[in-house]
Each structure stands twice: as C-alpha cells, then as structure tokens.
Amino acid sequence: MANLSWLKNPWAQSPWFETVAVAQKRAKKKLPKSVYGALVAGSEAGLTVDDNTTAFRQLGFAPHVAGLSDKREMATRVMGQDISMPVLISPTGVQAVHPDGEVAVARAAAARGTAMGLSSFASKSIEEVAAANDKTFFQMYWVGSRETLVQRMERARAAGAKGLIMTLDWSFSNGRDWGSPAIPEKMDLSAMVKFAPEGILRPKWLLEWAKTGNVPDLTTPNLTPPDGVAPTFFGAYGEWMSTPLPTWEDVAWLREQWGDGPFMLKGVMRVDDAKRAVDAGVTAISVSNHGGNNLDGTPAPIRALPAIAEAVGGDIEVLLDGGIRRGSDVVKAVALGADAVMIGRAYLWGLAANGQAGVENVLDILSGGIGSALMGLGKNSIHELTPDDVFVPDGFRRDLGI
Ligand SMILES: Cc1cc2nc3c(=O)[nH]c(=O)nc-3n(C[C@H](O)[C@H](O)[C@H](O)COP(=O)(O)O)c2cc1C
C-alpha cells in the first residue's frame, strides 16, 4: 500500500507537553466546563488553593556551578513500597475526566515505578486499580458505621491494597466566589440533555467517551454495600455528612483494624495533631490541606512542613501534598523534611490531556525536574538534601500547634 504519511496534518499538535501548566491549558480546552471546574475545585475565596502554589514560588535555591554530580538518585521507600522517585499519586474522586479514569492513572504510576492512592469516591473499583498497580493504597473518609468502614477496608485488603490512607481534613465548606460547577446526580436522559451544549463544545472529550459506548456514570463503586448497588457521588456525600465525626480514639481503632500494614493519616497541618497521629500508631502522615478544597485560609502545607518534620520526622514518615507542579517543588519539599510528596491536580491535568500517556508525561516532567534540581544543587541523591539547600524567606514558615 502507498505510504500516505505525508498526508498527515503537519500542524497537528503533538500530544506531548513540556510542563504541567501546558497540560492544564490542554485540559481546560478539552474538558466540558463543569468537569474542568470540578478539578480546579478550591473553596470560598480560593486563598488556600492559591497559597499552595505561591508558597513554592517564594522558596529559592542556592545552586553550585562546578564540581556537580553525575548521579541523580531518586529512589526511595514509603509506606512499605519501593518507589522510583519521591512522588506518589494522591487519591482524588475523579469522575468523568477520562473513560479509563483511575485505571489509567494506576497504570501510568506502575509504568513509572510509583504508588497509587485510590479515593473511595473514585469512579473505578479497587479490584481493577490494584490489578493495574500492585503498589496501591486505598483511601477512606470516616463515612458510615464502624461495621461499614471495616467492610470497605477488608474489601480493599482482599483486592490487594498495600496500605490504607485515612483522610480527615474535611469540613463540608461550600460555595466558591467564582461559582461551583453544576454536577448531575446521575447521567440520565434529562442530565444528558442539560449538559449536551457543554459536551458539544468539547468534541474530543465526547469522542473519547463515545468510543467506549458509555457515559460517565458518576457512581462510587468502592462504597457499594454487600449485595447492593454503587451509590451515586451525592448519595455517598450525604452518608458522609450524616456520619458522626471521628475522634482520635476512632483513628487508633481504624489503624488497629488494618493490622500492622502501612497506614497514613492525610490532612495534618499542626505539630500537636502530628504528635497525636504518632500516638495513634500511624506509619505516615501527609501534611496537606486537601489541595485548598477544605477550610479556606489554611496555609500552604509547605509552610507548615518544617515544624512538623522537625517534631515527628524521626518517628514516622512525613509526606506532603498540595501545590506540587514541578520537580523543583518536590526537591524543595524533600529538603525541608518530607520523605516524599503526593500529587493531585498535576496528574488530573495529564489524564485529561492525554489519558495514561498524559499521566506518564507528568511523572516524567517531575522526575526530569528533580534530576535538574539535584544536579544544580550538586547533590548525588534526594537523601542528601537538607534545609540548607533551600532559601526560606523570613516569615515563610507557619509553625502551627506548637
Ligand atoms: C478534584 C479533586 C478531588 C479530590 N478528591 C479527594 C479524595 O477523594 N480524597 C482525598 O483524600 N483527597 C482528595 N483530593 C485532595 C488530593 O488528594 C490532594 O490532597 C490535593 O489534590 C493536593 O493538591 P494539588 O492538587 O495541588 O496537588 C482531591 C483533590 C482534587 C483536586
């Protein structure tokens, strides 16, 4: 057959992107407005979501110019798993971004040798995701009775989850000054008619779904009761809102139910809470403000990290999530005491832009950036980074709960 490759559109855009910011632009162009808005998220005035990235910009490096190292060792071990670099996938309740959803994210993370956090509000089941990445952690909120929590946890264990993430920072704040996206309860005919104008403006996204023969179903398969059906996202949210709030005894109890396996408490911002987490027997904490989606006015995690790492870094693993967009952000966090970081929006933009390959692209951008920063700082390894590698301006830190 004749070679028709010359007929290819020479102006067609390469699916590869060079930074996370470019991936975000592509995601914005590709996703329906409501889906994109759900990923931007944030809360109230957006003070916290802005500070999460602004804070990284305020930190500087003090690079060397000669005598640099050829080695760029990034591998580490977190939550009992060997990972290729100190970057893990943070759990997000991804709905409708891409038909392969969290399975594509898990495959990308596995391809790049790192771990996957799966949200209990995710669109794919723990069974499918753990099969795609054997370093999968299941994330739970405090939703439902103790019996229900154990049932969900045991299902995750049986599916092969290697660790449990308990996320506690949520205060049901609602309302955003820039307006919240409209999200339907389920994708029935009336919702499809209502959202058709948004979809028609985003033909690439529509085509991706059309190829699968499915529409986004907006249910939460990891919260399905035994012999029941998967609740809708809002149904699950309602159950969460009506669940009594957990105490530190509840945290210790859940930890005990999980046994000796790795257990992370996500959402810690204060030194006193970090110490209580140590007392509750956790393996790790993530210093996090839920990506700025929770209590607006909470400072960026990178500001709270140094005091927390100084206080409990010798007892447990300290991770950080919130605002990571570049490899240099990862290096700043590790230098200030994090064992590793988790990413949220960065991989969601990659997933939206180019599915599994887009998430791999994001992980490659981060590992490339970690390598450059290590080289510039004259360090052989992420394990050699210290606070001296980072310039921290006066007044940067927020030593909370001391
Ligand atoms: C759209 C969206 C959904 C999220 N859903 C969850 C969730 O279900 N469980 C959870 O623990 N954290 C959730 N998070 C928070 C992320 O795990 C993570 O803390 C945050 O995204 C980190 O900030 P970054 O997006 O700046 O990287 C969500 C974040 C976003 C943006």
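The values are calculated or read from the model by the stated rules, or taken from the named source; none is laboratory data. Only a predicted model underlies this, so the values are computations on that prediction, with no experimental measurement involved. Please note: Cβ atoms are built from the backbone with ideal geometry, for glycine as well, and neighbour counts cover all protein chains shown.
Worth pointing out:
- Restricting Ala55, Ala66, Ala41 to those that are surrounded by 19 or more Cβ atoms within 10 Å (Cβ to Cβ) and either modelled with pLDDT under 95 or touching a Cys at 6+ places or on another chain (Cβ under 7 Å) (or both) reduces the list to Ala41.
- Restricting segment 220-251 to residues that are under 24 Å from the mean Cα position of the chain (by Cα) and aliphatic (A, V, I, L, M), the residue that is surrounded by the most Cβ atoms within 10 Å (Cβ to Cβ): Leu223
- Residue satisfying all of: in segment 261-283; in a strand (DSSP E or B) and under 17 Å from Gly80 (Cα atoms); farthest from the chain's Cα centre (by Cα) among these: Phe263
- When Val193, Val215, Val251 are checked against the criterion of being closer than 27 Å to Ser171 by Cα and of a type in the set (A, V, I, L, M), Val251 stands alone in meeting it.
- Pair list, Cβ < 7 Å and 6+ apart or interchain, from segment 318-339 residues that are over 16 Å from Leu363 (Cβ atoms) to residues that are hydroxyl-bearing (Ser, Thr, Tyr) and away from the ligand (no atom under 14 Å from the Cβ): Ala335/Thr386; Asp339/Thr76
- Matching residues in segment 173-203 - criterion: being surrounded by 12 or more Cβ atoms within 10 Å (Cβ to Cβ), within 15 Å of Phe233 (Cα to Cα) and touching a residue at least 12 places away in the same chain (Cβ under 8 Å): Pro181, Ala182, Ile183, Pro184, Lys186, Met187
- Selection within segment 304-315 - surrounded by fewer than 24 Cβ atoms within 10 Å (Cβ to Cβ) and either part of a helix (DSSP H, G or I) or in contact (Cβ under 8 Å) with a residue 60 or more places away in the chain (or both): Pro306, Ala307, Ala309, Glu310, Ala311, Val312
- First in segment 278-301 and at pLDDT below 95, second anywhere and of a type in the set (Gly, Ala, Ser), Cβ under 6 Å, 6 or more apart: none
- Condition check for Lys211: away from the ligand (no atom under 16 Å from the Cβ) and under 30 Å from Gly281 (Cβ atoms): no
- Search result, residues across segment 215-241 that are acidic (Asp, Glu) and in contact (Cβ under 8 Å) with a residue 12 or more places away in the chain: Asp217, Glu239
- Unique match (being more than 29 Å from Gln95 (Cβ to Cβ) and buried (at least 23 other Cβ atoms within 10 Å of the Cβ)) among Val330, Val318: Val318
- Leading residue by the ranking (nearest to Asp260 (Cα to Cα)) among those in segment 80-122 that are more than 16 Å from the ligand (Cβ to nearest atom) and either in contact with a Ser or Thr (Cβ under 7 Å, 6 or more places away or on another chain) or among the basic types (Lys, Arg) (or both): Ile83
- Across segment 94-152, the number of residues qualifying as under 16 Å from the mean Cα position of the chain (by Cα) and of a type in the set (S, T, N, Q) comes to 8.
- Checking each residue in segment 38-61 for being of a type outside the set (Gly, Ala, Ser) and either within 19 Å of the chain's Cα centre (by Cα) or within 12 Å of the ligand (Cβ to nearest atom) (or both) picks out Leu39, Val40, Thr48, Val49, Asp50, Asp51, Asn52, Thr53, Thr54, Phe56.
- Extreme residue, surrounded by the most Cβ atoms within 10 Å (Cβ to Cβ), among residues of segment 252-281 that are touching a helix residue (DSSP H, G or I) at 6+ places or on another chain (Cβ under 6 Å) and of a type in the set (A, V, I, L, M): Val268
- Condition met for Glu360 (under 17 Å from Arg112 (Cβ atoms), touching a residue at least 12 places away in the same chain (Cβ under 8 Å), buried (at least 17 other Cβ atoms within 10 Å of the Cβ) and among the acidic types (Asp, Glu)): yes
- Taking every residue in segment 379-402 that is of a type in the set (Phe, Trp, Tyr) and pairing it with any residue that is at pLDDT 95 or above, at least 6 positions away or on another chain, the pairs with Cβ-Cβ distances below 8 Å are Phe391/Leu59; Phe391/Gly60; Phe391/Phe61; Phe396/Ala55; Phe396/Gln58; Phe396/Leu59; Phe396/Arg303.
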